[in-house]
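Encoded as structure tokens, the structure appears first; notes follow it.
The values are calculated or read from the model by the stated rules, or taken from the named source; none is laboratory data. What you see is a predicted model; the values in this text were computed from it and never measured. We place every Cβ from the backbone using ideal geometry, glycine too, and count neighbours over all the protein chains shown.
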């Protein structure tokens, strides 16, 4: 039985692919299989893959581009490893990555997945640092957290785990599910939340993984308009995972503010989560508010829950109406106010331009007048005939 199955996804990274593959083959821990899936690359990637003869490599190629190589392999039942590592064809592993991760999972059966700290590198392997993106350098350097603390962090801040640094138990995929279709930006983040609902996770405080930051925002997770827009919807779908927090004890461990909704007579998990979503300051603000309003709306439209919520918390349809008017989840008023401000500033600029044009016109009229011409002629005569020290100023 092979201990580790390494899945390396490949697409048009011929420039980096050889280094990426060699960083796996050169691991100090050798009990692994390396499955390379090439997603119909149009460069020399497939030729590079075929040039390797190491018996641990299993390579296949899609003739047409399609997504979901990792899911396909995990669900195929063909992976032999107890642990699964994810690797990308433009990134690099340090030599001891697998050795240290395998040892940790072997010694800590309660931990479902282990990540590492990350060294960012540029196109040519140099340490990467961009003043405009200074937060990138430390985003993956995270302290120890319990799974409940991670669930709170995910809810309030977002993802801070580097997907291709992970070593995860195959049983976790079987228990928690694979990557959901339609989540192009947050598919791994979605899985981490499902994972933390059942398992502890851990990040090794060593930079055992080199993540390549591509030029011109070409990484899949780069900060482009399309990825920023897509993340909003995807985060809303990711938040649905918190619906599976069903006990008050778990709610309290994830969200200490749930204590405000403790009642001897009982609780409604969806209502509490909805109120927390509205009251908590989060990175995805409006999206989290929309999630909260949705939970409260659902509760109000269940007669049994609605009556119970009114009895437990004194919350009624009137209270919901006030909340739904308070949280501008679609930024309607914000856009309207900005539009008004732009219109006002445009009118102010237009007025200034008109005033300038009037002043210019007046000057032109003065310059064309008989008096101006006489003054100009006088000054020319003065310049010729009278010494500068005695001229009339």
task = Considering only the stretch 55-66, state which residues are in contact with a strand residue (DSSP E or B) (Cβ under 8 Å, 6 or more places away or on another chain), over 20 Å from residue 167 (Cβ atoms) and assigned to a loop (DSSP other than H, G, I, E, B).
result = 65, 66
task = For the stretch 301-312, indicate whether the set of residues that are surrounded by fewer than 10 Cβ atoms within 10 Å (Cβ to Cβ) and farther than 23 Å from residue 146 by Cβ is non-empty.
result = yes
task = Output yes when any residue across the stretch 71-84 is modelled with pLDDT under 95, assigned by TED's automatic domain parsing to the domain that holds residue 175, touching a strand residue (DSSP E or B) at 6+ places or on another chain (Cβ under 6 Å) and buried (at least 16 other Cβ atoms within 10 Å of the Cβ), and no when none is.
result = yes
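Scan 271, 248, 291 and give me the residue that is over 23 Å from residue 233 (Cβ atoms), in contact with a helix residue (DSSP H, G or I) (Cβ under 6 Å, 6 or more places away or on another chain) and surrounded by 12 or more Cβ atoms within 10 Å (Cβ to Cβ). Outline the logic, then answer.
Working: 248 fails: in contact with a helix residue (DSSP H, G or I) (Cβ under 6 Å, 6 or more places away or on another chain); 291 fails: over 23 Å from residue 233 (Cβ atoms).
Result: 271 is the single residue among 271, 248, 291 that is over 23 Å from residue 233 (Cβ atoms), in contact with a helix residue (DSSP H, G or I) (Cβ under 6 Å, 6 or more places away or on another chain) and surrounded by 12 or more Cβ atoms within 10 Å (Cβ to Cβ).
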Matching residues, the stretch 160-178, being buried (at least 20 other Cβ atoms within 10 Å of the Cβ) and assigned to a loop (DSSP other than H, G, I, E, B) = 161, 162, 166
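Taking residue 324 as the residue in question, decide whether it is part of a helix (DSSP H, G or I), out of contact with any strand residue (DSSP E or B) (no Cβ under 6 Å at 6 or more places or on another chain), surrounded by fewer than 16 Cβ atoms within 10 Å (Cβ to Cβ) and in contact (Cβ under 8 Å) with a residue 24 or more places away in the chain. Let's see the steps before the verdict.
Values: part of a helix (DSSP H, G or I): yes; out of contact with any strand residue (DSSP E or B) (no Cβ under 6 Å at 6 or more places or on another chain): yes; surrounded by fewer than 16 Cβ atoms within 10 Å (Cβ to Cβ): yes; in contact (Cβ under 8 Å) with a residue 24 or more places away in the chain: yes.
Judged against the criteria, residue 324 is a match.
When you go through 229, 193, 254, 201 one by one, which is the residue that is at pLDDT 95 or above and not assigned by TED's automatic domain parsing to the domain that holds residue 182? Spell out the reasoning first.
On the way: 229 fails: at pLDDT 95 or above; 193 fails: not assigned by TED's automatic domain parsing to the domain that holds residue 182; 201 fails: not assigned by TED's automatic domain parsing to the domain that holds residue 182.
Testing whether each residue is at pLDDT 95 or above and not assigned by TED's automatic domain parsing to the domain that holds residue 182 leaves just 254.
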ask   = Counting just the residues of the stretch 181-207 that are assigned to a helix (DSSP H, G or I) and over 15 Å from the mean Cα position of the chain (by Cα), which one comes out surrounded by the fewest Cβ atoms within 10 Å (Cβ to Cβ)?
value = 194
task = Could you list, in sequence order, all residues of the stretch 1-18 that are without any contact (Cβ under 8 Å) to a residue 60 or more places away in the chain and crowded, with 22+ Cβ neighbours inside 10 Å?
result = none
ask   = So is residue 307 assigned to a helix (DSSP H, G or I), at pLDDT 95 or above and farther than 26 Å from residue 265 by Cβ or not?
value = no
ask   = Out of all the residues in the stretch 41-53, is one or more farther than 23 Å from residue 101 by Cα, crowded, with 17+ Cβ neighbours inside 10 Å, within 29 Å of the chain's Cα centre (by Cα) and in the same structural domain as residue 101 (by TED's automatic domain parsing)?
value = yes
query = Taking residue 283, is it assigned to a loop (DSSP other than H, G, I, E, B), over 24 Å from residue 313 (Cα atoms) and in contact with a helix residue (DSSP H, G or I) (Cβ under 8 Å, 6 or more places away or on another chain)?
reply = yes
Residues (in a strand (DSSP E or B) and in contact (Cβ under 8 Å) with a residue 60 or more places away in the chain) located in the stretch 19-54 = 32
